[in-house]
Amino acid sequence: MSMYAVPDRVWAGSQSPIITPDDFRREWFRAFYDPDGFWLDVTRRLIHWQKAPTEGAYGDFHSVKHSPITWFADGRLNVTESCVDRHAEAQPDKVAILWEGDEPGDVRRLTYRELHREVCKTANALAALGLKKGERVILYMGMVPEAAIAMLACARLGAIHSVVFGGFSAEALRDRVRDCEAEMVITQDEGLRGGRVIPLKQVCDEALEGEHGVRKVLVYQRTGNPVGWKPDRDVWWHEAVGGASDERPATPVEAEHPLFILYTSGSTGRPKGVVHTSGGYLTYAAYTHRVVFDLRDDDVYACMADVGWITGHSYIVYGPLANGATTFMFESTPVYPDAGRYWDMVARHKITVFYTAPTAIRALAAHGEGPVKAHDRRSLRVLGTVGEPINPEAWEWYYNVVGEGRCNIVDTWWQTETGGISISPIAPATATKPGAATLPMPGIVPQIVDEQGRVLRGPGQGYLCIAYPWPGQARTVWGDHARFFTTYFSTYDGKYFTGDGCHRDEDGYHWITGRVDDVLNVSGHRMGTAEFEAALVFAEAVAEAAVVGYPHPVKGQGVYAYVVAQPGEVLDTAALDALNAIVRQRIGAHARVDRFQVVPGLPKTRSGKVMRRILRKVAEGRGDELGDTSTLADPEVVEAIRAGYSPG
Ligand code: WTA
């Protein structure tokens, strides 16, 4: 395996304390031996506190069962002062948000001064609509600057936002509105993406049929097409925000006051509302953003994620803005109007740091080098990936074709629950290997354990855990702390269990092998097999369903569904298409079964547990490697499943 050395160049102008491998070792060990001292020092340097904290962490992975871990608990702050106010004062004319719309060249630039004004106005409008500290607001929007403004406006009031990705269906949105007992929803008339219109307000109206506590819906006008309207509930953004005062003091909150809830998939059918709090989350997002990407003052930093996912929260909005960076927001897709769109934008905006998902890289690589080479990419310095393991071929393509062999690649491993990048190269300091997430961030102590929870030393493969608390970690699951504890801390006593498999090599580098639980990672979208199964058995023709992932050349993982028909029902092609329509309706447009196999029954143990191991093997085309099937209640079912498999 080749090692890509750190290029020998001058690292002038970086805001990061970690430039050399020695810096990294020094910082990592400081954080290891004195985590409280380390993080108190980091947060005082990077974050504006109204009352600076003197306490570090309180609690550990044993006590988390009884009460959430806290960081900086005696500090008070409002995250928007760090993200907006101080930069509006120190560098008012620097572009904070650089936005490009669906159509190439449709550009908006918001300076820090303008961002400050917009956040204050929006906060005033929300307050006038009755929103109070601690209340929940669902954001169901596309990629417009107003989505970031709305997040910050909530934070300014101490209200808790929960962004729901604009691809989710009305049913999924309704579940989330109810689960967090939202008082308000902020949406758009319509979204625009790849030349297509996304009926956000209409989906929102459907979601708000039936019982809920939403009093007001604030609607940002993006397309101007007519939408349904409830005069006592719906309010136009431009009317409410347009007339509001552009001054609004930031409401101080405790460090542990929730900043946001983000729903994510786990191994049950019900999504979890992962809760992040204010002081620790912001500290971790800002620190990792600065360090991993080697942030410079004049960077044009571009993360291609959607604000509906954690990457958009930490690395489009909170991390970059806390660091006073210029952060890019993109409304469209990498292939609209053609496969050169990303590189066209890199050339036009002189993007220096570019962060995307392996699935996009693989999809673009399939179009060849032409669309890349057509655009000038000399501005690029750091290239990042996130969301799923990157295969070495895609890594090499990113490095050689996009980066012209000159940029540092950071393959950043982390999760909604970790709040920020946890295992990753640090652009200037870490020699990389294609496909490896490499080394842990300062403050992160990974452990690889075997089935019994024994910690492996040195090289080896097993389950990835993290041994000690860090400021960016999720604190709880909204309304269900017991679920938080069982999901993450009960598998291996006293450790945070990530749900990922990991291999550590002889250099101590970490290679993430993918999920080992019932979570799928399709095109970087995290989805639960149980959510698919619940949608499939909702169909009357389906008696039972089991869903597993299989390797997919572009999406990383594809969705493979085994379905058993109800007696008397026939699952023909039309019926299977109808099943995908149900999946779409119950989960969203981003959810789709790639391959169906109709089977006479599911392989089960004598106690009735579905044997997913077998289903996974068959879906991967490795049905001849099933091993011991003696515990099966009905071995003939396995034969039938194996016989019914057809590749591709
Ligand atoms: C996967 C996204 C390999 C992993 C930030 C994790 C990765 C899940 C990487 C979290 C990476 C993320 N290499 N796998 N660089 N980054 N993953 O919550 O399986 O949407 O558990 O957070 O994505 O997905 P989530």
Self-check item: Sorted peptide list for 148-155, 571-578, criterion being average Cβ within 10 angstrom, highest first
Solution: 148-155, 571-578
Quiz item: So what are the ³J(HN,Hα) numbers for region 89-99, from phi and the Karplus equation (6.51, -1.76, 1.60; θ = phi - 60°), rounded to whole Hz, Gly and Pro as x?
Solution: 7, 7, 9, x, 9, 5, 6, 8, 10, 10, 10
Quiz item: Could you give the distance between the Cα centres of region 604-630 and region 83-140, to the whole Å?
Solution: 51
Practice problem: For Gly56, enumerate residues with amide H under 5 Å from its amide H, sequence gap 5+ or separate chain, H modeled in the peptide plane. | Solution: Phe72
Practice problem: Would you work out which of Gly340, Gly405, Ser314 lies farthest towards the positive end of the dipole of region 296-445? Charges go on Cβ: Lys and Arg +1, Asp and Glu -1. | Solution: Gly405
Quiz item: Over the heavy atoms of Phe29, what accessible area does a 1.4 Å probe trace out, to the nearest 10 Å²?
Solution: 100
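Write down the accessible area per residue of region 111-172 in Å², having rolled a 1.4 Å probe over the full set of protein chains. Let's see the in-between values first.
Values: 1230 Å² over 62 residues.
Result: 20 Å² per residue.
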Quiz item: Counting alpha carbon pairs within less than 8 Å and at least 6 residues apart, what relative contact order, in whole percent, applies to region 445-514?
Solution: 33
Quiz prompt | Amide proton proximity set for Asp306, modelled H, under 5 Å, gap of 5+ | solution = Gly312
Exercise. Sum up the charges of everything whose Cβ sits under 14 Å from the Cβ of Val618, counting Lys and Arg as +1 and Asp and Glu as -1, but leave Val618 out.
Key: +3
Quiz item: Within region 180-196, what residues put their amide N at less than 17 Å from the label point 7 Å along the Cα-to-Cβ vector of His212?
Solution: 180-191
Quiz item: On average, how much accessible surface per residue is there in region 445-514, in Å², for a 1.4 Å probe, leaving out ligands, DNA and RNA?
Solution: 40
Quiz prompt | Part-to-part distance (alpha-carbon centres) for region 186-253 and region 450-519, which is given in Å | solution = 39
Exercise. Would you mind telling me the share, in percent, of accessible area of the chain contributed by carbon and sulfur at probe 1.4 angstrom?
Key: 50
Quiz item: 222 nm [θ] for the chain, helices only, -39500 (n - 2.57) per DSSP H run of 4+, per residue, to 500?
Solution: -8000 deg cm²/dmol
Exercise. Go through 122-130, 274-282 and give me the packing order, highest mean Cβ count within 10 Å leading.
Key: 274-282, 122-130
Quiz prompt | Cα pair distances of the chain binned at 10 Å [whole percent] | solution = 3, 16, 27, 28, 19, 7, 1, 0
Quiz item: Going by average Cβ neighbours within 10 Å, how do the peptides 469-478, 253-262, 231-240 rank, with the highest at the top?
Solution: 469-478, 253-262, 231-240
Quiz item: Hey, what did the chain get for relative contact order, percent, Cα under 8 Å, at least 6 apart?
Solution: 14
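The values are calculated or read from the model by the stated rules, or taken from the named source; none is laboratory data. Predicted, not measured: the structure shown is a model, and the values here were computed from it. So basically every Cβ, Gly included, is an ideal-geometry build from the backbone, and we count neighbours across all protein chains shown. What goes into the accessible areas is simple: the full protein's heavy atoms, side chains included, and nothing from ligands, DNA or RNA. Shrake-Rupley method; radii C 1.70, N 1.55, O 1.52, S 1.80 Å.
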